[in-house]
Amino acid sequence: MEHPEEFSGPTPDNALSLGPTPGFHPDGTIDPTAFKTASDEAFFWSGRSNGIGGADVAGVYASDFGGTTLEQLMERRGIEMPEWNPDDPDVVGTWKAASAA
């Protein structure tokens, strides 16, 4: 049997049975509290990397300076976002809301 202190949160397989998906309210909107960081901890990056690994490079830089990127934060907290699609206004809106949180 799993010990409660070892449980890290819902996974895609059990999220429905445990309640809302991490990072989102039950109605599917972003829960801003799930994306909060300490003061001066958030590192932002932008641009297209064309497979070069912009998110990875930004993550290394953020970690080296005691911070986190949005992608690292989501991974640690078990937040699964929709795959980026600049042609889908719902996806763009969800990512904007997460970044603004």
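The values are calculated or read from the model by the stated rules, or taken from the named source; none is laboratory data. Quick caveat: nothing in here was measured; it's all calculated off a predicted structure. Here the Cβ is made from the backbone with ideal geometry for all residues, glycine too, and neighbour counts use every protein chain on show.
Taking the conditions (1) over 14 Å from the mean Cα position of the chain (by Cα); (2) modelled with pLDDT of 90 or more in turn, residue 32 satisfies each one other than (1). Residues in segment 35-94 that are assigned to a loop (DSSP other than H, G, I, E, B), touching a residue at least 12 places away in the same chain (Cβ under 8 Å) and aliphatic (A, V, I, L, M) were compared, and the one that is farthest from residue 21 (Cα to Cα) is 81. Here residue 42 fulfils each of the conditions (1) among the small types (Gly, Ala, Ser); (2) at positive phi; (3) more than 10 Å from the chain's Cα centre (by Cα) apart from (2).
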